[in-house]
Amino acid sequence: MECFKHAGDVKDLEEAILHFNEVLDHTPPGSAERAVCFANLGSAFSSRFAQSGEVKDIDSAIEQSSEGVSLTPLDSADRPGRLMDLGNSFLSRFKRLGEIKDVDSAIERCREAVNLTPLHSVDRPGYLTNLGNSFLCRFERLGEAKDIDSAIERHQEAVSLAILDNAERPVLLNNLGLALQSRFDRLGKVEDIDLAIERKSEAVRLSPLDSAVRPGHISNLGNSFCLRFKLLGDVKDIDSAIELHHEAVSLIPLDSAERPACLNNLGNSYQMRFERSIDVKDIDFAIEQHLEAVTITPLDSTDQARRLSNLGNSFIDRFELLGEVKDSDSAIEKLREAVNLTPLDSTEISGRLSNLGIAFHSRFERFGEVKDIDAAIERKNEAVILTPLDSADRPRCFHSLGESMLHCFQRFRAVKDFHQGVDALRTSALSLNGRPINRIHSALVWAHIMHVNDLTSAIEAYDHAIGLLPQVVWVGLSAVTQLERLTSRIQSLACDAATCMISLAQSKPDEEQYYLGRAVELLDQGRSVLWSQASSLKQDLRTLQEVDSQLAEDLDCIGKALGRSCFQDSRDMLSETDAQLIRRYATKWDEILCRVQKLPGFDRFLLPPPISKLRQAAAGGPVVIVNSCEFRCDALIIPRHGNLVLVPFSEEKKATIEALISQQKVFALGRSRLGRPWKESIERQIDPLQDLLYQTWSLLGEPIVQRLKDSGVVGSGPSSIRRVWWCLTGLLGFLPIHASLPRPHEAGEQTLGMMDIIVSSYTPTLSALLRSQQHQTPPSFHMLAIGQPNSRDHPPLYCVDAEMKAIHDLLSADQVTFLKGHNASVNAVAAAMPNCTWAHFACHGIQNHEQPMDSGLLMDNNCLLTLSRIAQSSLESAEFAFLSSCESATGSKALSNESVHLAAGLQFVGFRAVIGTMWSVADKDALVIAEQVYEDLFKGGASRATASNAAYALSRAVRYLRDEKKVPFSRWVPFIHFGF
């Protein structure tokens, strides 16, 4: 037997069994040695079962071990070990056949063994972990919370008792990780899966390279990475999972009973990656691994149902991608078989029923057979009935049922199907457990359906969906991951919700102002989510400090740590330890926030501001929100005083606006590298922007300006020019409304356009504008001027030196720091920024449309000062920044409601006002604008210059470029102002 344990050769095991039988035959009845013989024989049969998976071996193991225990005196030192062996055999048979009485027997024998074992015994850790495994198996079958708690408690005690060099420590750690993962499966708490990965990683690290259990430990660790990827969406988790599963499969012997599990797990990891990559190679490989796992799994194994279910799910994914009927039929066949093999009292039955329902639903969508939608609804109904109330899978099951019921309603128009579908979606959205991304998707579908059926009922759905955003875009995630979660559907959420409120305002005149105010609140709460959440991490805590200094100190410390990690460069991977620490900080942040909000007077601390607060953003002049979505298009004017003013646009105008945007002229300008200096050949071309400006005026500008005039906010000519802030939602943000103008009269006389009657500024949200207004005046003026005229792969910027000279001529040496050429490195600029109140960047700017946080300014050696690097700063004295560069306020089309561009980033870190560019600009035009702006701002001396005058200075400079220099539209339009 010892030879088998050392080398793992089955022939040694067979010889041991023969030997033990011979010894037993020669041991007389009544001899104390018979107990030893039965125990040894039971252990040998158990080992052979682990190799062969033959049920007769585990039956023999239980029979022999039971006889051995019955012959062992109650006070014998050998009794705990023999009880434990018997308990483990019962557990093995339960895992194979699924009989509840076996796991109950396992718990009974293992518990007795633990109770008989002294606290200081070296055997106690192993016995505790076996008892923990038994509780875990019963939990996974019946789902009772007390069992998983008992399992984790026993495993934790086992690990704490085992000395560091204990050879069994890797097994103890792996088992604890499995129990934590199982609780995560049920409740979905990130701290459980983080701790599971931590414990399993330690188990793998401590496992000897030639250990027979090492492949299993590696595969188990890979499973945990898969589950965390499903929760958080971090690509490096699924990459780690795939790497680990490949290693496990390569190490596991071909005849090992554990090989099917390793293959199944490898297939699962590829299936999960397919859901992200939509690469057919991933799902093909997943099916290949799942098929092999199913083929080599014994038919009577309790694991066969799980493996068939995974295989069926992979077939569904490939069917939905490629549409091949054989995949749909295979999916239904495998999933039906999995359901039939799963006991009704298993915790896994609901998920398998739901997946079978999904397979029927997919086939219905393809072929429209009534029997398929009926079967889908029947299975999904069974699934939700059997899903525990606290299950993390509950939202997914109810969402799936809701979708099928609504498809049925669309086909047969039965009202009861509609109501049941909506109720299922509502239940999913309002679930307390489960992945936030699943719950918000349910809320989105629920809201969309009610929007076209019952506006009042839609309010609850929209409020809940927007309320879930902080959980979806969680502060414990990196900015890159947060942005990835803001899918197009979520991007339109706030805009859709606002139009619901606006429609209600029109239908209920007596409550118009209430609903218009709610529209403003929802637009503010559901847009620029990344910047808003990050801003909350560096909130002014002085008032809280006076009430509870410890809470304020904790929030400040955690907020700074979360802020730094949020904007970590995407190329700088956090270690596993650091990443888990950040998530613990995020959980702690949420807990402290709840405590603060229970303090008197702090009930709205860090909650979204109400309309009464948001209206204060219009203190310096009206804010005009222009919102468009699939339902309608409107402008909302927020004046300094008086009622909110609605400017609705007709369906016809809405369609024309959408067509204007879809032409993508402005996107083409934003992408093209027109460069600096502007080529003369381009100047001679017909200006592509002219018609866009005319149409923007006709569709949006003119009706809004007319309402502003009617309300007395603006006058009728240049002498009465007033300040207005624009807040444009979605793709409207790519329209240069600030430069819109009417078509000339037939005689060629140009009438006044937007720039002639309004000084325009932009703001991503009202909250962002409020933050820029609330900045305290810095103690003294100091400018940082960065000039980078030469960058590889980009045309030289000949006018940068002239820009630097213009600043030099206006300021004294102690008022400005210049960083030019080689001195303008990324690190040097980042280090100098906290010491300035004003900043000027004359260099190439790049908007990265695929990874917007990697947008940036080109510094020395062609290195980018990225948006993520900028956002790590916190500049308490910052006032004004001038981005004399291309594409510094372009943003990402895919994230049009998030304002992910350099100008917004500089606002976030503290600059009250920022001048940026919507697309590429000409080198010589940037020089003219910079000269004009600074001559205007510094005409009273630098000490009297204020950021609040920057918008006026830019307006005059752009009109000078337009009227005096007579440049084409495309050259003066892109310069815009953000902030106060």
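The values are calculated or read from the model by the stated rules, or taken from the named source; none is laboratory data. In this text the structure is predicted, and so the values were computed from the model without any measurement. Note: ideal-geometry Cβ built from the backbone for every residue, glycine included; neighbour counts use all protein chains shown. Heads up: the accessible areas ignore ligands, DNA and RNA and are worked out on the full protein's heavy atoms, side chains in. Shrake-Rupley method; radii C 1.70, N 1.55, O 1.52, S 1.80 Å.
Close Cβ contacts (under 6 Å, 6 or more residues apart or on different chains) running from residues in region 161-174 that are within 17 Å of Ala212 (Cβ to Cβ) to residues that are not in a helix (DSSP H, G or I) comprise Arg169/Ala162; Pro170/Ser207; Leu172/Ala162. Against the test of being modelled with pLDDT under 95 and hydroxyl-bearing (Ser, Thr, Tyr), the options Ser121, Ser105, Ser134, Ser150 yield a single qualifying residue, Ser121. For region 261-296, which residues satisfy the criterion of being out of contact with any Asp or Glu (no Cβ under 8 Å at 6 or more places or on another chain), within 23 Å of Thr487 (Cβ to Cβ) and not hydroxyl-bearing (Ser, Thr, Tyr)? Of everything in region 261-296, those that are out of contact with any Asp or Glu (no Cβ under 8 Å at 6 or more places or on another chain), within 23 Å of Thr487 (Cβ to Cβ) and not hydroxyl-bearing (Ser, Thr, Tyr) turn out to be Met272, Arg276, Ile278, Asp279, Val280, Asp282.
When Arg615 is tested against the conditions (1) open to solvent by 20 Å² or more (accessible area, probe 1.4 Å); (2) out of contact with any Cys (no Cβ under 8 Å at 6 or more places or on another chain); (3) assigned to a helix (DSSP H, G or I); (4) at pLDDT below 95, the lone failure is (4).
Would you confirm whether any residue within region 928-945 is touching a residue at least 12 places away in the same chain (Cβ under 8 Å), closer than 19 Å to Leu811 by Cβ and either touching a Gly at 6+ places or on another chain (Cβ under 8 Å) or hydroxyl-bearing (Ser, Thr, Tyr) (or both)? Yes: region 928-945 contains one or more residues that are touching a residue at least 12 places away in the same chain (Cβ under 8 Å), closer than 19 Å to Leu811 by Cβ and either touching a Gly at 6+ places or on another chain (Cβ under 8 Å) or hydroxyl-bearing (Ser, Thr, Tyr) (or both).
Taking Leu961 as the residue in question, decide whether it is in contact with a Ser or Thr (Cβ under 7 Å, 6 or more places away or on another chain), open to solvent by less than 10 Å² (accessible area, probe 1.4 Å) and modelled with pLDDT of 95 or more. Here the answer is no, as Leu961 does not meet what is asked.
Scanning region 899-911 for residues that are more than 23 Å from the chain's Cα centre (by Cα) and open to solvent by less than 10 Å² (accessible area, probe 1.4 Å) returns Ala903, Leu906, Gly910, Phe911. Please verify whether region 476-487 includes one or more residues that are assigned to a helix (DSSP H, G or I), of a type in the set (D, E, K, R) and at pLDDT below 95. There is at least one residue in region 476-487 that is assigned to a helix (DSSP H, G or I), of a type in the set (D, E, K, R) and at pLDDT below 95. Scanning region 300-322 for residues that are part of a helix (DSSP H, G or I) and among the polar types (S, T, N, Q), we see that the one that is nearest to Phe274 (Cα to Cα) is Ser314.
Collect the residues in region 340-350 that are surrounded by fewer than 22 Cβ atoms within 10 Å (Cβ to Cβ) and assigned to a helix (DSSP H, G or I), keeping them in residue-number order. Answer for region 340-350, where residues must be surrounded by fewer than 22 Cβ atoms within 10 Å (Cβ to Cβ) and assigned to a helix (DSSP H, G or I): Asn340, Leu341, Ile349.
Pairs linking a residue in region 193-204 that is free of Cβ contacts under 8 Å to residues at least 40 places away in the same chain and farther than 15 Å from Ser160 by Cβ to a residue that is among the basic types (Lys, Arg) and open to solvent by less than 10 Å² (accessible area, probe 1.4 Å), with Cβ atoms under 7 Å and 6 or more positions apart or on different chains, are Ile193/Arg228.
Only residues that are outside any loop (DSSP other than H, G, I, E, B) and farther than 27 Å from Arg489 by Cβ were counted in region 875-900, giving 5. With respect to the stated conditions, Leu119 fails to be under 38 Å from the mean Cα position of the chain (by Cα) and over 17 Å from Gly68 (Cβ atoms).
Scanning region 272-306 for residues that are touching a Ser or Thr at 6+ places or on another chain (Cβ under 8 Å) and open to solvent by 20 Å² or more (accessible area, probe 1.4 Å) yields one hit, Asp303. Is it the case, given these coordinates, that Gln568 is in contact (Cβ under 8 Å) with a residue 24 or more places away in the chain and not in a helix (DSSP H, G or I)? The answer is yes for Gln568. A single entry from Arg379, Arg396, Arg363 fulfils the requirement of being more than 27 Å from Asp345 (Cβ to Cβ) and part of a helix (DSSP H, G or I): Arg363.
Against the conditions (1) out of contact with any Lys or Arg (no Cβ under 8 Å at 6 or more places or on another chain); (2) open to solvent by less than 20 Å² (accessible area, probe 1.4 Å); (3) among the hydrophobic types (A, V, I, L, M, F, W, C), Ala162 satisfies every one except (1).
For region 661-668, does any single residue satisfy the condition of being open to solvent by less than 20 Å² (accessible area, probe 1.4 Å), under 26 Å from Val759 (Cα atoms), modelled with pLDDT under 50 and under 38 Å from the mean Cα position of the chain (by Cα)? Yes, the conditions are met somewhere in region 661-668.
Report yes if Leu555 is under 22 Å from Phe229 (Cα atoms), of a type in the set (A, V, I, L, M, F, W, C) and surrounded by 14 or more Cβ atoms within 10 Å (Cβ to Cβ), otherwise no. No: the conditions fail for Leu555.
Within region 507-531, being of a type in the set (Ser, Thr, Tyr) and in contact with a Ser or Thr (Cβ under 6 Å, 6 or more places away or on another chain) holds for one residue alone: Ser528. The residues listed here are Leu335, Leu322; of these, the one that is open to solvent by less than 10 Å² (accessible area, probe 1.4 Å) and either closer than 26 Å to Leu266 by Cα or among the basic types (Lys, Arg) (or both) is Leu335. Within the span defined as region 501-512, one or more residues are under 28 Å from the mean Cα position of the chain (by Cα) and touching a residue at least 12 places away in the same chain (Cβ under 8 Å). If the condition is being open to solvent by less than 20 Å² (accessible area, probe 1.4 Å) and of a type in the set (D, E, K, R), then region 867-898 contributes Glu879, Glu887, Glu898.
Under the condition of being within 22 Å of Leu544 (Cβ to Cβ), of a type outside the set (D, E, K, R) and within 25 Å of the chain's Cα centre (by Cα), the residues counted in region 562-619 number 15. Counting only helices (runs of 4 or more DSSP H) that sit wholly inside region 79-143, those with at least 3 residues that are within 30 Å of Asp390 (Cβ to Cβ) and open to solvent by less than 10 Å² (accessible area, probe 1.4 Å) are 100-116, 124-142. Residue count for region 420-435, restricted to those that are under 21 Å from Phe184 (Cβ atoms) and open to solvent by less than 20 Å² (accessible area, probe 1.4 Å): 3. Within region 548-565, the set of residues being over 26 Å from Thr481 (Cα atoms) and out of contact with any helix residue (DSSP H, G or I) (no Cβ under 9 Å at 6 or more places or on another chain) comprises Ser549, Gln550.
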